[in-house]
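Asks: Can you keep this structure in mind? I'll have questions shortly.
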Amino acid sequence: MKICYILAMKQEAEPFITHYDVKKIEGAFAPLPCLLYQKQITDEVTLSVVVNGQQHGSSLIGCEAATLTTLKAIELLKPDLVVNSGTCGAFKENGADIGDVYIANAVMFHDRRVPGDDEWGTQALGNYRLWQRSETIARALGFNVGKVTTGSSLDMQPCDLKVIKENGGELKEMEAAAVAFVCSLFDTPCMIVKSVTDLVDTGADTLEVFHKNLAFASEQLCKANVKIIDYLIRNAHSFHK
């Protein structure tokens, strides 16, 4: 079983990379900036961790980088399962708190506004199919479940909030739907795991709160992913699409 984790930021990935002592594979995606870390963690399970990499000294975030990274990861690694893992914003009014971990039961874009309920409108929202075992794993491990919505900006515009609310979105972030889009093209199972850095409905400065809570949220994310991988290892023999 080949598990491929895709993360946007170095800070989100570091606790995970350290825990499993996955080794960097130099030049795996050269000349692209995305980075590959890999380890055979059991006879049956290979773990790959792919990070978007950096440009101009900062981590590459957002849909463009996530699309590129996922495409190249699937082409090179041919994983049985892609897991997009990272941080997100959530709503205090829904009971979310900093460091809470969610496994997505649905994913869509919230900032691709194409009018009408026709084929283009459907495509713009996305609503990609996720791995059917995602909710089973969430229940087994005691994680929250919620719908993830993806956009290209960190701030929250009223028009984005309207789309999120109308479609039952609970988590706001910048990569998941792009990862799920590429997975849908390859018919590769996709799972999404997110940890909350900020509460988007409290009026606090999003960037300031994000930086303040990033390390804590990333540690909680790592702990959750260790539990998920342990679960997958225990059930590797029964893995199917």
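Asks: So what is the calculated 222 nm ellipticity per residue for the chain, using -39500 (n - 2.57) for each DSSP H run with n of 4 or more, over all residues, to the nearest 500 deg cm²/dmol?
Replies: Per the formula, -12000 deg cm²/dmol.
Asks: By its C-alpha gyration tensor, with a ≥ b ≥ c as the square roots of the eigenvalues, how is the chain shaped: rounded for a/c under 1.5, else prolate for a/b larger than b/c, else oblate?
Replies: Here the chain falls in the rounded category.
Asks: Rounded, prolate or oblate: which one fits the range 118-201, using the alpha carbon gyration tensor with axes a ≥ b ≥ c (rounded when a/c is under 1.5, else prolate when a/b beats b/c, else oblate)?
Replies: Values: a/c = 1.88, a/b = 1.13, b/c = 1.66.
It comes out oblate by the Cα gyration axes.
Asks: What share of all Cα pairs of the range 145-241, in percent, falls into each consecutive 5 Å distance bin?
Replies: The distribution over the range 145-241 is 2, 11, 16, 21, 20, 14, 9, 5, 2, 0, given as percents.
Asks: OK, next. Might you work out the accessible area of C88 for me, using a 1.4 Å probe with all protein chains in place, and round it to the nearest 10 Å²?
Replies: Approximately 10 Å² for this residue.
Asks: Mind listing the Cα extents of the range 62-177 along all three principal axes, in Å, largest one first?
Replies: Projected onto its principal axes, the Cα set of the range 62-177 covers 36, 35, 24 Å.
Asks: Quote the charge dipole size of the range 76-188 about the Cα centre in Debye, to the nearest 20; the model charges only the Cβ of Lys and Arg (+1) and of Asp and Glu (-1).
Replies: The calculation lands at about 180 debye.
Asks: Taking the highest mean first, how do the peptides 19-30, 124-135 order by number of other beta carbon atoms within 10 angstrom per residue?
Replies: The densest-packed peptide leads the list: 124-135, 19-30.
Asks: Answer rounded, prolate or oblate for the range 12-109, using the Cα gyration tensor with square roots of eigenvalues a ≥ b ≥ c: rounded when a/c is under 1.5, else prolate when a/b is larger than b/c, else oblate.
Replies: Note, shape of the range 12-109 comes out prolate.
Asks: Give the calculated FRET efficiency between K212 and D118 to the nearest 0.05, with a Förster radius of 51 Å applied to their Cβ-Cβ distance.
Replies: Rounded to the nearest 0.05, the efficiency is 0.75.
Asks: Taking the Cα atoms of the range 67-114, report the difference between the largest and smallest coordinate on each principal axis, in whole Å and largest first.
Replies: Principal-axis extents of the range 67-114 (Cα, largest first): 41, 31, 16 Å.
Asks: Taking amide H positions as placed in the peptide plane 1.01 Å from N, state which residues far from L81 in sequence (5 or more) or on other chains have amide H under 5 Å from it.
Replies: K2, C4
Asks: While we're here: Quick one: ranking M191, M174 by accessible area, 1.4 Å probe, largest first, what do you get?
Replies: M174, M191
Asks: Would you mind getting me the FRET efficiency between E75 and C159? Use the beta-carbon distance for r and R0 = 35 Å, nearest 0.05.
Replies: Efficiency computed from Cβ-Cβ geometry: 0.50.
Asks: Related question: Please work out the C-alpha center-to-center distance from the range 78-106 to the range 25-45 and express it in whole Å.
Replies: Here the two parts' Cα centres lie 24 Å apart.
Asks: What is the spin-label model distance, in nm, from S184 to K223 if the labels are put 7 Å beyond Cα along the C-beta direction?
Replies: 3.4
The values are calculated or read from the model by the stated rules, or taken from the named source; none is laboratory data. None of these values were measured; they are calculated from a predicted model. Glycine also receives a Cβ, built like all others from the backbone with ideal geometry; neighbour counts cover every protein chain displayed. Heavy atoms of the whole protein, side chains included, go into the accessibility calculation; ligands, DNA and RNA do not. Shrake-Rupley method; radii C 1.70, N 1.55, O 1.52, S 1.80 Å.
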